[in-house]
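Here's the structure we're looking at; comments come further down.
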């Protein structure tokens, strides 16, 4: 029977993955999280938690569409609540062909 390795979710820190220490009583810790880990734990067994507040630093995505009937240009933006477009179809009905095109890839 093949045993799977145990993984540990650790918080991000300014020291990267950190390291391991063994205490005199034989307990092994990951530092700086001070998580108790098994004796054979390696860095491959560590899973870093996502960066906190990552969404605050992500640039919002946007797409430009040239109007088929005029010289206007419409912009679809990705927001916290999904996709939004500045065309009249979206403003009036909350649906438009520009968003459909993005969703259909």
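The values are calculated or read from the model by the stated rules, or taken from the named source; none is laboratory data. Here the structure is a predicted model, which means the values were calculated and not measured. Because the Cβ atoms are built from the backbone with ideal geometry, glycine has one as well, and the counts that use them run over all protein chains shown.
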Checklist entry - Across the range 31-46, what is the number of residues that are surrounded by 12 or more Cβ atoms within 10 Å (Cβ to Cβ) and in contact with a helix residue (DSSP H, G or I) (Cβ under 9 Å, 6 or more places away or on another chain)? => result 1
Item to check | Residues located in the range 7-26, provided they are part of a strand (DSSP E or B) and touching a residue at least 24 places away in the same chain (Cβ under 8 Å) | outcome: 8, 9, 10
Checklist entry - If you take the residues in the range 53-66 that are surrounded by fewer than 11 Cβ atoms within 10 Å (Cβ to Cβ) and farther than 30 Å from residue 11 by Cβ, which one is modelled with the lowest pLDDT? => result 66
Item to check | Among (1) in a loop (DSSP other than H, G, I, E, B); (2) in contact (Cβ under 8 Å) with a residue 24 or more places away in the chain, the one test that residue 98 misses | outcome: (1)
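Across the range 74-84, what is the total count of residues that are surrounded by 11 or more Cβ atoms within 10 Å (Cβ to Cβ) and more than 13 Å from residue 61 (Cβ to Cβ)? Give the steps one after another, and end with the answer.
Initially, the range 74-84 is screened for residues surrounded by 11 or more Cβ atoms within 10 Å (Cβ to Cβ), giving 74-78, 83-84.
Now restrict to residues that are more than 13 Å from residue 61 (Cβ to Cβ): 74.
Qualifying residue count for the region: 1.
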